[in-house]
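The values are calculated or read from the model by the stated rules, or taken from the named source; none is laboratory data. Computed from a prediction, not measured in an experiment: that's the story for all the values here. Note that each Cβ is placed from the backbone with ideal geometry, even for glycine, and that neighbours are counted across all protein chains shown. Remember, those area values only see protein heavy atoms, side chains included, never the ligands or the DNA or RNA. Shrake-Rupley method; radii C 1.70, N 1.55, O 1.52, S 1.80 Å.
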Amino acid sequence: MTTAPTRAARTRAVALPAAALAAALVLTACGARTSATGEAAAGTAASSCVDTSGDTVKIGFLNSLSGTMAISEQTVRDALDLAAEEINADGGVLGKQLEVVGEDGASEPTVFAEKAEKLISSDCVAAVFGGWTSSSRKAMLPVFEQRDALLFYPVQYEGLEASPNIFYTGATTNQQIIPGMDYLAEQGKTKVFLVGSDYVFPQTANKIINAYAEANGIEIVGEEYAPLGHTDFATIVNKLKASGADAVFNTLNGDSNVAFFKEYKNVGLTAQDVPVVSVSIAEEEVGGIGVENVVGQLTAWNYYQTVESPENEAFVAAFKERYGEDRPTSDPMEAAYTSLHLWKGMVEKAGSFDVAAIQEAAGGVTFDAPEGTVTVNGENHHIAKTAYIGEIAEDGLIYPVWESDGPIEPDPFLEGYDWAEGLS
């Protein structure tokens, strides 16, 4: 696969939702920001209350530990906890131990916004790590911009966004969606059915897929959405079966995948005849869906437990030692684990926990991650990543069947693709 060139970054102002604005007006800062050496960071983000005068620094973990997304997001929290423990065991960040403040986003975007406000303004964390759905990220974005704080978002998403206050350590579309479509095209698939959850990521991803398909001679034979948490897929799957599709692109999220794949199998559709490429099913979810319902199906990610590298071998061993031999590792978990190490690298390069200093230092920061070496793009705050297409095997793991020619530079606004003109 040809990698896309780096494109200029864009930053978009996002209106502050009424609820977040109200919270921002009610909550007050709880002290002056201080630098890594304990000196006041006068003149920058006066509302910050991050305290670095002692031996510890607070960071926030914000993930859904309840609700429909808990099946996926608990795994991200586990990986973040592991990374924090490793960093503390190695001496911390700028000599300070990480003190984690954990919150439950409860699978509700409004709760994510409220908890983000709390972490920044009341708990005084230096950075927040978390979120999964694009709805949760969109809800949190204005809070972080308003507070001039940092969010590290670990999950693949629909792109068409860049904020100086967010570092995106999951894939953007040219690192996952487009490689997934490239693979189907290489396999000779010409009739693709789109199924997704009814919210930001699937709708935007499918807009991009429709543009790709029109430019590459692929017919989109159906496009259906289901509410998050939806569990009755009889109607959608029957439409899919009747459409004549020779492949499916799946952007369902959370435990809806369990019901979808069970119904897919019930009506006699198979991975051999009509393969499904999924972008939100990783190793952890395979067990919940039931491997017998998804064996042979495809996924598009930037990491699998089966990636062969010394760094991944160490990551998998550490995770299993911490959480048990039966716990697999997955792309969002790895991206979350990597995000904390990248933040550490940015802070140490900046020599400070100050947001502006970290933003200035971010470009070019690298980490030898389990997925391979990743590098932060200082212009758009995404990272260069290798793309993998994987096949789900009977042992519940996902094995690469295709990979890109090295890390793909992030192109969140798809400016390297003529067919994407007008999408952003």
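Numbers at a glance
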quantity: Residue check for Ile166: surrounded by fewer than 24 Cβ atoms within 10 Å (Cβ to Cβ) and in contact with a Phe, Trp or Tyr (Cβ under 7 Å, 6 or more places away or on another chain); calculated: yes
quantity: Subset of the range 46-96 (residues that are under 18 Å from Ala357 (Cβ atoms) and open to solvent by 50 Å² or more (accessible area, probe 1.4 Å)); calculated: Ala46, Asp51, Ser53, Lys58, Leu94, Gly95
quantity: The range 196-222 residues that are open to solvent by less than 10 Å² (accessible area, probe 1.4 Å), paired with ones that are of a type in the set (S, T, N, Q) (beta carbon under 6 Å, 6 or more apart); calculated: Gly196/Thr251; Ser197/Asn253; Phe201/Ser134; Pro202/Thr251; Ala205/Thr251; Ile208/Thr173
quantity: Total residues in the range 279-300, condition out of contact with any Phe, Trp or Tyr (no Cβ under 8 Å at 6 or more places or on another chain), open to solvent by less than 10 Å² (accessible area, probe 1.4 Å) and at pLDDT 95 or above; calculated: 1
quantity: Flag if Tyr303 is part of a loop (DSSP other than H, G, I, E, B), modelled with pLDDT of 95 or more and touching a helix residue (DSSP H, G or I) at 6+ places or on another chain (Cβ under 7 Å); calculated: yes
quantity: Residue among Glu114, Glu145, Glu99 that is among the acidic types (Asp, Glu), open to solvent by 10 Å² or more (accessible area, probe 1.4 Å) and either over 23 Å from Phe201 (Cα atoms) or under 18 Å from the mean Cα position of the chain (by Cα) (or both); calculated: Glu99
quantity: Residue in the range 226-236 that is modelled with the lowest pLDDT, counting only those that are under 18 Å from Ser280 (Cα atoms) and crowded, with 18+ Cβ neighbours inside 10 Å; calculated: Leu228
quantity: Total residues in the range 243-278, condition of a type in the set (A, V, I, L, M), open to solvent by 10 Å² or more (accessible area, probe 1.4 Å) and more than 26 Å from Glu334 (Cβ to Cβ); calculated: 5
quantity: Top-ranked residue in the range 181-192 [being within 27 Å of His230 (Cα to Cα) and either of a type in the set (Val, Ile, Thr) or free of Cβ contacts under 8 Å to residues at least 60 places away in the same chain (or both); ranked as surrounded by the fewest Cβ atoms within 10 Å (Cβ to Cβ)]; calculated: Lys191
quantity: The one condition in (1) modelled with pLDDT of 95 or more; (2) over 14 Å from Ala369 (Cα atoms); (3) over 18 Å from the mean Cα position of the chain (by Cα) that Glu313 fails to fulfil; calculated: (2)
quantity: Pair list, Cβ < 7 Å and 6+ apart or interchain, from the range 139-153 residues that are among the polar types (S, T, N, Q) to residues that are in a loop (DSSP other than H, G, I, E, B); calculated: Gln146/Leu16
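Quick grid of which residues meet (1) closer than 22 Å to Met69 by Cα; (2) free of Cβ contacts under 8 Å to residues at least 40 places away in the same chain:
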{"site": "Thr306", "(1), (2)": "no, no"}
{"site": "Ser309", "(1), (2)": "no, no"}
{"site": "Phe319", "(1), (2)": "yes, no"}
{"site": "Pro328", "(1), (2)": "yes, no"}
{"site": "Met333", "(1), (2)": "yes, no"}
{"site": "Leu342", "(1), (2)": "no, no"}
{"site": "Glu360", "(1), (2)": "no, yes"}
{"site": "Val365", "(1), (2)": "no, yes"}
